[in-house]
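Take a look at the structure set out below.
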Amino acid sequence: MSVGLVPTMGSLHEGHLSLVRRAAAECDRSVVSIFVNPAQFGAGEDFERYPRRVEADIALVASLGTDAVYIPTVRDVYPSGFATRVSVEGPLTTRLEGGHRPGHFDGVAVVVSKLFVAAQPDRAYFGRKDAQQCEVVRRVAADLDTGVEVVECPTVRDHDGLALSSRNDYLDREQRARARAIPAGLERVARMFAGGERRATPLRDALIAELLTAAIEPDYVAVVDPVDFSDVDEVDVGSEILVAAKIGTTRLIDQMRLGIDAAPVVVGAPGAPCSGSF
């Protein structure tokens, strides 16, 4: 009997639910975990105000036929005297997200390891929006001989092209409109790649320019190898462009695998169909 695990921090949206549906479709039993992991949050980040809607989340996953929901407390995961670290070494965890959020991936690695022990899944489902996290989890699963297959699923987007994220709840109307520059920039990059551009620098610069037009200063924009996340100069199908940026106090990330992921369609952006509204 196969078991599929969907690890989440709750405040579930359609992106999470797409993982839940896939786990239920591909496995005999499906489990959703809900745990806002303090070890993934750095000093000054939003652990205390991170949205928590546990009762609504339980109702959502129950409506999709999930067999079990695991909701440990912080004390359950990190009991008194807890002193074990799980760390993936090297540039995969020290640059980009790792560079801007020191210790973040150690927090991911330890909680995923504990969830794998608790649920004993055959497969675990993650969204590709958190691209580095997917590869860190894949490395943990392989290096610790867990036998867990890490299944990554495409980024799910809202009607205006913005990648779904629990942190989108923090954006006011004006910030949400500015945030559309992120998928608009990715759409621009996709058009350039489809038109034959294979140099990383013009692709990266095009996304940065789109952000700057909305007065968004990125934490980083990078075009990388999708496995080790090293920078590339010449891109090919599957090369990945990653972006992280703050709008107000809200930090958003996004990604696109060139030639693989569908380009975001941004409502109200030049050339985009103007259906729907925020």
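Just so it is clear, none of the values below were taken in a lab; they were calculated from the coordinates. A quick note: this is a predicted structure, and the numbers were derived from the prediction, not measured. No Cβ is skipped: glycine too gets one built from the backbone with ideal geometry, and neighbour counts run over all protein chains shown.
Secondary-structure-derived ellipticity at 222 nm for the chain, considering helices only, amounts to -10500 deg cm²/dmol, per-run term -39500 (n - 2.57) for DSSP H runs with n ≥ 4. Model label points for SER87 and LEU144, set 7 angstrom from Cα along the Cα-to-Cβ axis, are 1.6 nm apart. Net charge dipole, the chain: roughly 520 debye, given to the nearest 20, about the Cα centre with Cβ charges of +1 for Lys and Arg and -1 for Asp and Glu. Each of HIS159 and ALA118 was given a label point 7 Å from its Cα along the Cα-to-Cβ line. The distance between the two points is 3.6 nm. Placing unit charges on the Cβ atoms of the charged side chains and taking the dipole of the chain about its Cα centre, the candidate lying farthest along the positive direction among GLY10, CYS134, VAL237 is GLY10. If you plug the beta carbon distance of SER2 and ARG167 into 1/(1 + (r/R0)^6) with R0 = 25 Å, you get a FRET efficiency near 0.20. Taking ALA214, ALA59, ALA262 as the candidate residues, the one with maximal mean-square fluctuation in a Gaussian network model of the chain, Cα springs under 10 Å, is ALA59.
Rounded to the nearest 20 debye, what is the charge dipole size of region 166-257 about its Cα centre when +1 sits on each Lys and Arg Cβ and -1 on each Asp and Glu Cβ? Can you show the working numbers first?
Details: 13 positive and 17 negative charges, 95 e Å.
In debye, rounded to 20, region 166-257 gives about 460.
Helix 181-194 and the longest principal axis of the C-alpha atoms of the chain enclose an angle of approximately 70°. Each residue of region 74-90 was assigned a 3J(HN,Hα) from its phi angle through the Karplus expression (A = 6.51, B = -1.76, C = 1.60, θ = phi - 60°), giving 4, 5, 4, 7, 10, x, 3, x, 4, 9, 9, 10, 10, 9, 9, 8, x Hz with x at Gly and Pro.
Taking amide H atoms as placed 1.01 Å from N in the peptide plane, the amide H of SER11 lies under 5 Å from those of ARG53, each 5 or more residues away in sequence or on another chain. The DSSP beta bridges internal to the chain are antiparallel in roughly 50% of cases. Along the axis of the charge dipole computed for region 166-257 (Cβ charges of +1 for Lys and Arg, -1 for Asp and Glu, origin at the Cα centre), the listed residues THR250, GLY196, GLN175 are led at the positive end by GLN175.
Close amide H pairs (under 5 Å, H built 1.01 Å from N) link SER33 with VAL6, THR8, TYR70, residues at least 5 positions away or on another chain.
A simple spin-label model places the labels of GLU174 and VAL237 4.5 nm from each other, with each point 7 Å out along Cα-to-Cβ.
Counting other beta carbons within 10 Å of each residue's own, what order do ARG53, ARG180 fall into, fewest first? Intermediate results must be reported in sequence, preceding the final value.
Working: ARG53 15, ARG180 22.
The fewest-first ordering by Cβ neighbours comes to ARG53, ARG180.
Estimated from the Cβ-Cβ distance and a Förster radius of 22 angstrom, the FRET efficiency linking ASP228 and ASP28 is about 0.05.
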